[in-house]
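Working notes, structure below.
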């Protein structure tokens, strides 16, 4: 296993763990549900804004500096968050963490998908991503109770992010970074902005069905996780067990499916079909979390595989992919929450299931073409 792969996997684990470290201790940083929601959402908003720019910059300047910048922002945000409790300040720092995560995720996924054995590597990467989410929740909650210090988990995972940053300074990427349209010579950013906008627009159009599948299918997991606490009325420890179980099954699935790859488009289509059943099962039983975790793992590996052919623009492609995923995690739970408040939880689950069905109908193929810079 390449040393740089270890850097990327350690980085995504630390970044994701830190993103969830505040969740079990939100009441210590906020004075009500509205503030808690704002603190939670600020991270996703930051990631949404930075993933596509991070991908574009990694194509232009190489992945390593963008990975380092993302880890640097994460460390700064986490260190300051460890020392403060004011809700407004916490929101700003969570936004900074999200910006850092977006830069790291776009460049890190670009590196993974540029490797010859990208399918197997994507399994490792996605497993570490989900493992970070799980451990961030579990460890920070345990540390807060054990040592009576709500921010202790934030401090621990900030230190781990710092270790990943140091490792990224020591080890170098072993594969050549993507070629830049300027032939390797930096020019003022304005000289490229028009071309890059056209290239990104072409990618949005040519892979529109895939971006839609990422928005909906990733967003569905966020919908179920956000609806279930109030819907079920279960105590926090039980809820934590089931929500973490979804990520654990995703970890297992991505490790397995990445070693036995399946055709990408049929995998996405049929996963969308089965997600309809997973959402409806979640309405009557928490076993739906397990089904959705398995399907999410299949979908993520299949989506990365479908985009792996875009070797000349992996930064932009992975930036768009991450942006779509974060957009789904932002807007679908919000929409489902409005439906649940106005029409009830049954309708919210039905609407969510129906959205999964629209992906199954829309995935019928797309062109695999990386737009070239205009001459």
Testing residue 29 on (1) over 11 Å from residue 87 (Cβ atoms); (2) in contact with a helix residue (DSSP H, G or I) (Cβ under 6 Å, 6 or more places away or on another chain); (3) surrounded by fewer than 24 Cβ atoms within 10 Å (Cβ to Cβ), one condition comes back false. Which one is that? (1)
Log entry, pairs with first residue in segment 41-70 being on the phi > 0 side of the Ramachandran plot, second being outside any helix (DSSP H, G or I), beta carbons closer than 7 Å, six or more apart or on different chains, reads 62/177
Going by the conditions given, is residue 274 under 12 Å from residue 223 (Cα atoms), modelled with pLDDT of 85 or more and in contact with a helix residue (DSSP H, G or I) (Cβ under 7 Å, 6 or more places away or on another chain)? no
Out of the residues in segment 71-82 that are surrounded by fewer than 21 Cβ atoms within 10 Å (Cβ to Cβ) and free of Cβ contacts under 8 Å to residues at least 60 places away in the same chain, which is nearest to residue 199 (Cα to Cα)? 76
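Which of the residues that make up segment 1-28 are outside any helix (DSSP H, G or I) and either modelled with pLDDT under 85 or in contact with a strand residue (DSSP E or B) (Cβ under 6 Å, 6 or more places away or on another chain) (or both)?
Within segment 1-28, 1, 2 meet the criteria.
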Tell me, which helices (runs of 4 or more DSSP H) wholly within segment 57-155 include 3 or more residues that are over 20 Å from the mean Cα position of the chain (by Cα) and closer than 17 Å to residue 27 by Cβ? 87-113, 118-147
Do you know which residues across segment 316-341 are crowded, with 23+ Cβ neighbours inside 10 Å and closer than 20 Å to residue 200 by Cβ? 316, 317, 318, 319, 320, 321, 322, 323, 324, 325, 326, 328
How many residues are within 25 Å of residue 129 (Cβ to Cβ) and at pLDDT 90 or above if we restrict to segment 330-349? 0
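Conditions (1) at pLDDT 85 or above; (2) more than 23 Å from residue 126 (Cβ to Cβ), marked per residue:
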{"site": "278", "(1), (2)": "yes, no"}
{"site": "283", "(1), (2)": "yes, yes"}
{"site": "297", "(1), (2)": "yes, no"}
{"site": "302", "(1), (2)": "yes, no"}
{"site": "307", "(1), (2)": "no, no"}
{"site": "311", "(1), (2)": "no, no"}
{"site": "318", "(1), (2)": "no, no"}
{"site": "328", "(1), (2)": "yes, no"}
{"site": "351", "(1), (2)": "yes, yes"}
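State whether the residues of segment 98-116 include one that is surrounded by fewer than 17 Cβ atoms within 10 Å (Cβ to Cβ), within 20 Å of residue 325 (Cα to Cα) and either at pLDDT below 95 or in contact with a helix residue (DSSP H, G or I) (Cβ under 9 Å, 6 or more places away or on another chain) (or both).
No: segment 98-116 contains no residue that is surrounded by fewer than 17 Cβ atoms within 10 Å (Cβ to Cβ), within 20 Å of residue 325 (Cα to Cα) and either at pLDDT below 95 or in contact with a helix residue (DSSP H, G or I) (Cβ under 9 Å, 6 or more places away or on another chain) (or both).
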Check on residue 276, closer than 19 Å to residue 322 by Cβ, in the same structural domain as residue 351 (by TED's automatic domain parsing) and touching a residue at least 24 places away in the same chain (Cβ under 8 Å): no
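The values are calculated or read from the model by the stated rules, or taken from the named source; none is laboratory data. Keep in mind that this is a model prediction, so the values were computed, not measured. With ideal geometry, Cβ positions are generated from the backbone for all residues, glycine too; neighbour counts draw on all protein chains shown.
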